[in-house]
1. Report yes if some residue within the stretch 413-422 is in contact (Cβ under 8 Å) with a residue 12 or more places away in the chain, within 20 Å of GLN316 (Cα to Cα) and part of a helix (DSSP H, G or I); otherwise report no.
2. So which of PHE296, PHE283 is touching a helix residue (DSSP H, G or I) at 6+ places or on another chain (Cβ under 6 Å), within 22 Å of SER317 (Cα to Cα) and open to solvent by less than 10 Å² (accessible area, probe 1.4 Å)?
3. Hey, any hits in the stretch 455-476 for a residue that's closer than 20 Å to VAL400 by Cβ, of a type outside the set (A, V, I, L, M) and not in a loop (DSSP other than H, G, I, E, B)?
4. Can you name the residue in the stretch 44-75 that is open to solvent by 10 Å² or more (accessible area, probe 1.4 Å) and part of a helix (DSSP H, G or I) and, of all such residues, is farthest from CYS411 (Cα to Cα)?
5. Quickly run through the stretch 112-127 and pick out the residues that are in a strand (DSSP E or B) and of a type in the set (A, V, I, L, M, F, W, C).
6. Being under 21 Å from the mean Cα position of the chain (by Cα), modelled with pLDDT of 95 or more and either closer than 18 Å to LYS417 by Cβ or open to solvent by 10 Å² or more (accessible area, probe 1.4 Å) (or both) narrows it down to one of ALA386, ALA380, so name that one.
7. Pick from GLY188, GLY213: which is open to solvent by 10 Å² or more (accessible area, probe 1.4 Å), within 21 Å of GLU159 (Cβ to Cβ) and among the small types (Gly, Ala, Ser)?
8. What are the residue pairs meeting all of these: first residue in the stretch 386-401, first residue farther than 11 Å from ASP34 by Cα, second residue crowded, with 23+ Cβ neighbours inside 10 Å and among the β-branched types (Val, Ile, Thr), Cβ atoms under 6 Å, and 6 or more apart or on different chains?
Amino acid sequence: GADMPRSFGSLPCLWALRLLALLPGSGAAARGPDVVSYRERVRAMFYHAYEHYLESAFPYDELRPLTCDGQDTWGSFSLTLIDALDTLLILGNVSEFQRVVNVLQEGVDFDIDVNASVFETNIRVVGGLLSAHLLSKKAGVAVEAGWPCSGPLLRMAEEAARKLLPAFQTPTGMPYGTVNLLHGVNPGETPVTCTAGIGTFIVEFATLSHLTGDPVFEDVARKALKALWKNRSDIGLVGNHIDVITAKWVAQDAGIGAGVDSYFEYLVKGAILLQDKELMSMFLEYNKAIKNYTKFDDWYLWVQMYKGTVSMPVFQSLEAYWPGLQSLIGDVDNAMRTFLNYYTVWKQFGGLPEFYNIPQGYTVDKREGYPLRPELIESAMYLYRATRDPMLLELGRDVVESIEKISKVDCGFATIKDLRDHRLDNRMESFFLAETVKYLYLLFDPDNFIHNDGSAFDVVMTPYGECVLYAGGYVFNTEAHPIDPAALHCCGKRKEEQWEMEDLMQEFYSLKKTKKFPLKRSSHPGEGESAQDPEGAPSEKGGEKRSSKKNTHSLLSCPSQSFNSKLAVLGQVFLDNT
């Protein structure tokens with residue numbers, strides 16, 4: 001596609017909406033919505049959907065809300081139950097959490113002849129089980145001796161993840177997108193995987209490795225991340241789909257949306273979770289290239305990865321996670337500007353269409369639907385934590401009103417097939433209960449335990465010593481399953497980590513006596529810098545980098561978005577007739 005000007009003169013309506021959004025309001029609007037009443041409406045939304053899933057769809061993966069029955073979608077795991085489990089606790093329902101833990105232990109079997117998406121199984125099943133495992137004690141589950149380094153949900157998560165490992169056995173370490181849970185990678189399986197399907201494992205797999213002591217999971221996830229980094233273009237961009245055998249880019253569209261999105265997300269979240277400078281520096285390099293080549297007037301377009309020329313002037317609803325990610329690296333001003341653009345699209349339609357043509361200011365043919373995705377709400381939650389701007393609560397209010405008005409049916413909430421005429425589709429994706437409802441609730445519940453600032457915590461005895469949990473700082477995986485970063489330090493079998501912790505505690509207590517608290521300890525030679533470098537990259541633990549074994553490969557598959565390799569080749573988004 002030809003290059004295009006860096007401003008869109010044909011957007012007077014959007015700019016007017018943005019200006020209106022920035023004008024000071026009056027009365028109730030200025031104070032924002034009634035947080036308590038909207039929180040209770042979100043709670044009611046959850047139970048309307050959840051109870052109908054249990055009544056009409058369980059043990060199938062997902063509810064079909066128009067026909068009041070169920071279907072298997074991503075495997076055969078009772079997926080909605082796994083995905084909704086930690087949301088139950090966030091809403092305070094410990095008894096149902098405990099019941100579901102028992103149901104899952106008895107009823108879910110991964111030893112089945114099913115072709116499963118590596119990506120979806122990881123983020124929804126492995127992520128959901130890990131999160132629920134780490135939250136079990138808070139939910140009043142009678143945890144076994146050795147928890148959090150052992151437990152039934154952890155064993156289930158590990159079993160599911162092991163079923164994915166065969167996909168990583170490729171020459172590049174980049175995984176196939178699909179694996180058979182019984183037989184491994186099918187003969188003749190396509191070697192073309194999307195970028196997100198390769199780079200969205202480090203959060204779950206590193207957590208598994210740290211809890212179980214088996215490094216294979218973190219190793220394959222890191223190898224896959226590094227393979228993508230190595231294959232970026234000369235101008236610093238990655239494309240949309242790559243051949244995992246030859247490392248040749250099949251779809252060369254570069255952007256922040258579908259097919260790429262959670263790769264960038266996991267570089268940041270992996271860096272935070274693991275205090276890993278290398279992952280953060282990778283992201284910051286990508287961030288420069290993304291700003292240079294894809295950003296126009298606080299929108300992000302799709303460009304050719306080698307030339308930087310615009311291939312699609314399109315905003316996709318999946319891209320709405322980006323302002324939240326920007327807030328995590330402290331870039332709040334840019335995040336708010338982009339968020340306001342996305343919010344104007346929501347106001348135009350009462351939802352975010354899958355694709356939105358930015359110069360035309362309207363939906364793209366065949367991509368007019370809104371499957372109740374969470375990304376805009378996710379960004380609102382992060383930005384509200386950072387700014388307390390009541391405009392973000394207004395977005396939450398608009399989302400609740402829209403979903404209740406357009407999407408609510410007798411048996412749950414239905415995907416919106418077309419935002420122009422509000423036709424519905426007979427599907428309720430599991431991410432509606434895992435993410436959309438959770439982020440809405442957390443937006444309206446500032447005192448939720450998830451938002452803990454470290455002022456309260458639990459101390460747990462493990463076989464490896466004392467362990468602090470539930471202090472806050474949760475890292476959400478890309479399916480909104482919160483991982484407690486402190487848990488990664490509970491099960492360390494490496495002596496040097498134990499010694500380092502003992503050094504830290506001794507220093508802390510000696511400083512406490514003298515009332516001196518430096519920003520960062522310097523007990524290791526050469527450790528003088530602050531806990532974050534000027535670029536915002538978290539420092540490594542103890543100045544050491546954990547070595548990665550190179551003997552296995554990484555596995556991943558593409559997001560649940562109809563943005564496949566055929567569709568993305570040469571950027572021919574508008575010609576797809578599926």
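The values are calculated or read from the model by the stated rules, or taken from the named source; none is laboratory data. Computed from a predicted model, the values in this text were never measured in an experiment. Note that each Cβ is placed from the backbone with ideal geometry, even for glycine, and that neighbours are counted across all protein chains shown. Surface areas here come from the heavy atoms of the whole protein model, side chains and all, with no ligands, DNA or RNA. Shrake-Rupley method; radii C 1.70, N 1.55, O 1.52, S 1.80 Å.
1. Within the stretch 413-422, none of the residues are in contact (Cβ under 8 Å) with a residue 12 or more places away in the chain, within 20 Å of GLN316 (Cα to Cα) and part of a helix (DSSP H, G or I).
2. Numbers: PHE296 fails: touching a helix residue (DSSP H, G or I) at 6+ places or on another chain (Cβ under 6 Å).
Criteria check complete, one pass: PHE283.
3. Checked the stretch 455-476: no residue is closer than 20 Å to VAL400 by Cβ, of a type outside the set (A, V, I, L, M) and not in a loop (DSSP other than H, G, I, E, B).
4. ALA44
5. We begin by selecting, within the stretch 112-127, every residue in a strand (DSSP E or B); these are 115-117.
If the condition is that a residue be in a strand (DSSP E or B) and of a type in the set (A, V, I, L, M, F, W, C), then ALA116 is the only one that fits.
6. Values: ALA380 fails: either closer than 18 Å to LYS417 by Cβ or open to solvent by 10 Å² or more (accessible area, probe 1.4 Å) (or both).
Criteria check complete, one pass: ALA386.
7. Residue meeting the stated conditions: GLY213.
8. If the second residue must be crowded, with 23+ Cβ neighbours inside 10 Å and among the β-branched types (Val, Ile, Thr), the pairs left are VAL399/ILE377.
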